[in-house]
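The values are calculated or read from the model by the stated rules, or taken from the named source; none is laboratory data. All figures in this text were calculated on a predicted structure; none of them were measured in a lab. Cβ placement follows ideal geometry from the backbone for every residue including glycine, while neighbour counts extend to all protein chains displayed. Accessible surface areas use protein heavy atoms only, side chains included; no ligands, DNA or RNA. Shrake-Rupley method; radii C 1.70, N 1.55, O 1.52, S 1.80 Å.
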Amino acid sequence: MKASVASRINAVADFSVLVWAAAASYSVTSHLDQLQRAAICAGIAVIVWFITATALRHYDQLSFQRATSDDASMVIVLAAAATTVLALSTLGLKQSGIPIHVRVFAMLAFPATMVVRLLLRSMAEKEGPVEEALIVGIGPIGRLTGQDLNKRRRYRVLGYLTFSEETEQDLNLLRRSAGAGEVSVLGGWDHLEKILREKPVSEVYVAGNVRKHDCQMQSCIKVCEKLGVPFALPASGFRLERARPMDSHGVGDGYLHYLAVDGKPHLMAIKRLFDIAASALALWLLLPLLLIVALVVKLTSRGPVFFKQVRVGLHGRSFHMLKFRSMAIDAEARKAALMARNEQSGPVFKMKNDPRITFVGRFIRRYSIDELPQLINVLRGDMSVVGPRPPVPSEVARYEAWQLRRLSVRPGLTCIWQVSGRSQISFEQWMYLDLQYIDHWSLAQDFSLIFKTVPVVITGRGAS
């Protein structure tokens, strides 16, 4: 995802704020040698800020789609990383406690960068949406829905599907209402499942006339429920000009919005804040181990330290999942030749004595050490601490329809499968366990799974 104008302004403003905070911190030191050391330390802090921000994709356009609380937490993580390195770099100054210039830097940088970020959120919202909506129906309701979405800039309209009774005249009216905009008709209403399998969609607007399209609308609802895709239905069969709903939050756009899972927005916000805090703290505490593993991986086999693989996340969106490389660099090329020796049912490839795994890789895979870089994915928002494991696209392409519903939540580091035998259970059982987690999700269950995961990781039970 490329940086937007708001993101570029944010980066320049943050750099200016950090330089200003560093300059202000110099004024509290009276000795020249301390001033020079403080300047060096402040420069290091600025570098750490932008390295961490790059790793967390803080300046990508998509980052502004986070909740305000997520954004605030991310700024705190960045400022804490810069201040921590700044404090550690002053250990040689022979001072008791944290040097005063470090404290001044922290007190200025924390609130100033937070204010900059919050002020730029409204600007970023006007630059355009980054999520896609699909509209079923090109009649009056579908046309008005497309215009409304474009006006509100809530979603980018991926395309339209037509109902059976809709005509060429409806299509011409749709094109005329779009003006200079491009209208993409992707097929009929009965192509909905095919489209949702192929393209990531955040929400489906079933913009039909209930009296004319009731059976077709019901079929669309069934598809969305089966695949776990959020959808919206017209709140009324009438177009309203002046009247407004009493509860503006419920049907403010003329639609009733539905989720295939229990949304629990307040609990989900707590879950996300926990993900940010837990992953940031874990990365900070495990930094020595991460550096040691990275060095060992690099010295013992050819190839990069990290293995970056495309995985499928929430609502079918792909992202790059990070792992320590545990296989030879030609592992993917050799996979096809080993498919006959696959020990797992379904589309997943699992092999206990996989010849592609390196000597060091076998150890770090057994104790899930190779998974630790995924804490960065958790901080980015690609993943959660607890959730179904993210599949690769080739596996998703072979999923049955009911199995796609596991993509209705953010994937995670651990879930019921990880504490139930991992590679020792069948693929279908794995899928049922993931859907069981989705249908009965609670914060208490998340914490229970985290505590159950610890002994499984320590003993390496069920790993392959």
Would you be able to tell me the number of residues in the range 134-162 that are among the basic types (Lys, Arg) and in contact with a helix residue (DSSP H, G or I) (Cβ under 9 Å, 6 or more places away or on another chain)?
-> 4
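To keep it simple, each residue is scored yes or no on (1) closer than 25 Å to Ile195 by Cβ; (2) in contact with a Gly (Cβ under 8 Å, 6 or more places away or on another chain); (3) assigned to a helix (DSSP H, G or I).
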site	(1), (2), (3)
Val360	no, no, yes
Pro390	yes, yes, no
Tyr399	yes, no, no
Leu407	yes, yes, yes
By residue number, the members of the range 420-436 that are open to solvent by 30 Å² or more (accessible area, probe 1.4 Å) and touching a residue at least 12 places away in the same chain (Cβ under 8 Å) are Ser420, Ser423, Gln424, Ser426, Glu428, Leu433, Gln436
Contacts under 9 angstrom Cβ, first residue in the range 322-333 being among the aromatic types (Phe, Trp, Tyr), partner part of a loop (DSSP other than H, G, I, E, B) and at pLDDT 85 or above, 6 or more apart | Phe324/Val305; Phe324/Leu372; Phe324/Pro373
Right, Leu18: under 31 Å from the mean Cα position of the chain (by Cα) and modelled with pLDDT of 85 or more or not?
-> yes
Filter result for Gly142 (closer than 15 Å to Val210 by Cβ and open to solvent by less than 30 Å² (accessible area, probe 1.4 Å)) = yes
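Condition check ((1) in contact with a strand residue (DSSP E or B) (Cβ under 9 Å, 6 or more places away or on another chain); (2) within 21 Å of Leu281 (Cβ to Cβ); (3) open to solvent by 20 Å² or more (accessible area, probe 1.4 Å)) across all residues:
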| position | (1), (2), (3) |
| --- | --- |
| Arg380 | yes, yes, yes |
| Pro390 | yes, no, no |
| Glu400 | no, no, yes |
| Arg406 | no, no, no |
| Ile438 | no, no, no |
| Lys452 | yes, yes, yes |
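Can you find a residue in the range 99-107 that is assigned to a helix (DSSP H, G or I), at pLDDT below 85, open to solvent by 30 Å² or more (accessible area, probe 1.4 Å) and out of contact with any helix residue (DSSP H, G or I) (no Cβ under 7 Å at 6 or more places or on another chain)?
Keep residues of the range 99-107 that are assigned to a helix (DSSP H, G or I), which gives 100-107.
Among the residues that remain, those that are also at pLDDT below 85 are: 100-106.
Imposing the further condition that a residue be open to solvent by 30 Å² or more (accessible area, probe 1.4 Å) reduces the set to 100, 103.
Okay, now just the ones that are also out of contact with any helix residue (DSSP H, G or I) (no Cβ under 7 Å at 6 or more places or on another chain), so 100, 103.
Yes - at least one qualifying residue is present in the range 99-107.
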Here are some conditions: (1) at pLDDT 90 or above; (2) exposed (fewer than 11 other Cβ atoms within 10 Å of the Cβ). Ala243 meets all but one. Which one does it not meet?
-> (1)
Is it the case that some residue within the range 264-287 is among the aliphatic types (A, V, I, L, M), open to solvent by less than 30 Å² (accessible area, probe 1.4 Å) and more than 22 Å from the chain's Cα centre (by Cα)?
-> no
Met327 passes all but one of (1) modelled with pLDDT under 90; (2) in contact with a Leu (Cβ under 8 Å, 6 or more places away or on another chain); (3) of a type in the set (A, V, I, L, M); (4) surrounded by 22 or more Cβ atoms within 10 Å (Cβ to Cβ); which number fails?
-> (2)
Taking interchain pairs and intrachain pairs at least six residues apart, which have beta carbon atoms under 6 angstrom, with the first residue in the range 247-274 and closer than 27 Å to Asp148 by Cβ and in a loop (DSSP other than H, G, I, E, B) and the second open to solvent by 90 Å² or more (accessible area, probe 1.4 Å) and at pLDDT 75 or above?
-> Ala260/Glu225
Only one of (1) of a type in the set (Ser, Thr, Tyr); (2) touching a residue at least 12 places away in the same chain (Cβ under 8 Å); (3) open to solvent by 40 Å² or more (accessible area, probe 1.4 Å) is not met by Tyr160, so which one is it?
-> (3)
